[in-house]
Amino acid sequence: MKAKHTHSISLLAAVAAAVALAIPAFPQEQHTAELSKVVRLNRAPVSNEALKVTLPRPVITKLPNGLTVMVLERHKLPTVNIVLHFGTGDMSDPRDQAGLAQFTMEMLREGTTHRTSGQLAADVEKIGATLNSSSGFGSTASSVVASGLSPSTSQILDLISDVVLNPTFPQDELEKYKARQLSMLEQERSEPSTLADERFHQALYGDFPAAVTLATPESINAITAERMKAFHERYLVPSNALLAVVGDVNAGEFLKLASKSFGDWKGGVVPATDWSRLPPPTPTKIYLVERPDSVQTNIVAGDYGARRTDADYISLYVMNRVLGGGPQARLFLNLREVHGYTYGAYSGAGDDKYREAWEADTEVRNAVTDGSMEQLMYEFKRIRDEKVPEAELNEARHSIVSSFALSLEQPQQLLSRWIIVQDYGLPMDYWDKYPVEVARTSADAVQAAARKYVDLDHLQIVAVGDPKQPGNDKNQTILEVLKKYGAVEVYDANGKKVE
């Protein structure tokens, strides 16, 4: 499991006005005629049996110290996949320490009271295992993930418990880590997709933690062992953790091994965080991030999405599949197949404990920036104003159900689904009912989700490119083109506003 202002004019006066301009230039009949020529070859057949899913149930136990243990037995292969999941991620970083959760999790592997970084790597390699730890911006969770052969389960658990219970955050490894992070940050900030993501989330989320998508040189240089130890002691505690395994194990035997490796682990209780208090939606605005000499324009547009626990999450997910959830969806067919503006155009919606963004994105040639904006706005308006035809809706539902059914063959996917159930407090039959809920999502529900989440009054739009390059065949610059769609704020590549 996924991130994120200045008030501006409403979209009725900005982007909606541009939509009004777009419709005469590309009337609906012409769009419909063009798109009707596209042959859909990826219809996903699904039988009624695929709707009758009963996921294998895990055995769930809580140790005396508060650690929850989940065991899902799958004996097809002599392997295990183990996840130690924590209910805290970079969303809990202090304001002046962006990336602290990520830094702490990644530094767990760089030395313990029993092993140096090199010894840890050697012990992992010796048993043919993998061991990684991570967190991420915009995430409310962190994890340590390991895999290997089932006869090595005890050794793998020993390695996990060592890095989690006994990290030392050695200074020599920390200095090398900081150097790597600074180098990676410089590279990331050269990527247009990174700049677009940063500005979009800042525009959307304001002072909410999901607005932060990158570390800064200052936050990297400010990393200390003491700060990581404080984060570790506060959040990496058994009451905030779920130890989950899928594979060739016996539930009773694994519980004994888990008790041996983690039974002495101690720690306090982490207070629950209310992630529902988002800033109120702001009127639509367009943000242009200057990237001189760029040969393309990266466009991101979106608004708040839904939490998985929200009643209309599945309707949003189906709507998104129709609009931009793959190469069979409208954005791809329109911008790539019909108009040839881009190699791809997609949209997606997160499912975290807060309202992750629903967003659409594409990368287009400079000269077709205007046409691409026009077509994006056209598709946004169409999904809101018109009910999805039954054949197209049926294809989207079948595709989702088929993908879900296929995912159940993968042990890691099964385990992740049960972690979601446990972490989000979902009912145990959530995934059993999921394909049925998808299959009966109506055109009315899809339209309602579109009108709520593709919010044309509060859409935040970001373009990354060279503002001086021609953005259409009338030789208007990209900056001039974007002004047709609303008020524009300009920023440089370092995130500073250009007056």
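Every read-out reported here was derived from the displayed coordinates using simple, explicitly stated rules and does not represent laboratory data. What you see is a predicted model; the values in this text were computed from it and never measured. Positions of Cβ are backbone-derived with ideal geometry, glycine not excepted, and every protein chain shown enters the neighbour counts.
Could you tell me which of the pairs K285/K496; K285/K468; K62/K433; K474/K497 are separated by over 22 angstrom between their Cα atoms in the structure shown? Beyond 22 Å between Cα atoms: K62/K433; K474/K497. By other beta-carbon atoms within 10 Å, ranking H85, H75, H114, H339 with the fewest at the front produces H75, H114, H339, H85.
With R₀ fixed at 60 Å, the C-beta to C-beta distance from A272 to E337 puts the FRET efficiency at about 0.80. Of the residues A349, N240, T284, the one whose Cα sits farthest toward the positive end of the charge dipole of the chain, with +1 on the Cβ of Lys and Arg and -1 on the Cβ of Asp and Glu, is N240. Sorted fewest first by neighbouring Cβ atoms within 10 angstrom, L77, L316, L165 come out as L77, L165, L316. Basic side chains Lys and Arg get +1 at the Cβ, acidic Asp and Glu get -1 at the Cβ, and with that the dipole of the stretch 66-262 about its Cα centre reaches some 460 debye.
Only helices enter this figure: runs of n ≥ 4 DSSP H residues, each worth -39500 (n - 2.57), summed and divided by the residues of the chain, yield -12000 deg cm²/dmol at 222 nm to the nearest 500. Label positions at K387 and T309, each projected 7 Å from the Cα along the C-beta direction, are separated by 3.3 nm. Counting only the Cα atoms, the stretch 70-162 fills a convex hull of 103 Å³ per residue. Spin-label model, V145/E188: points 7 Å from Cα along the beta carbon direction are separated by 1.7 nm. When each of W418, W358, W431 is scored by the number of other beta-carbon atoms lying within 10 Å, the sequence from fewest to most is W431, W418, W358.
Evaluated with a Cβ-only charge set (Lys, Arg +1; Asp, Glu -1), the stretch 411-499 carries a dipole of roughly 160 debye about its Cα centre, given to the nearest 20.
Charge dipole (Cα centre; +1 on Lys/Arg Cβ, -1 on Asp/Glu Cβ; no other charges) of the chain amounts to roughly 760 debye.
For the stretch 66-262, the relative contact order works out to 41 percent when only alpha carbon pairs closer than 8 Å and six or more residues apart are counted.
Between Rg and the Kirkwood Rh of the stretch 66-262, both from Cα atoms, what is the Rg to Rh ratio?
Rounded to two decimals, Rg/Rh equals 1.00.
Listed by chain and number, the lysines whose C-alpha is less than 19 Å from the C-alpha of K178, apart from same-chain residues fewer than 8 away, are K229. Estimated at 0.36 nm per residue, the fully extended path between E73 and V436 surpasses their Cα-Cα distance by 128.1 nm. Under the Kirkwood approximation applied to all pairs of distinct alpha-carbon atoms, what is the hydrodynamic radius of the chain in Å? Across the chain, the inverse of the average 1/r is 24.5 Å. Give me the Debye-computed log₁₀ of I(q)/I(0) at q = 0.10, 0.11, 0.12 Å⁻¹ for the stretch 242-381, equal point scatterers on Cα only, no solvent, two decimals. Here the Debye-derived log intensity ratios amount to -0.56, -0.63, -0.69.
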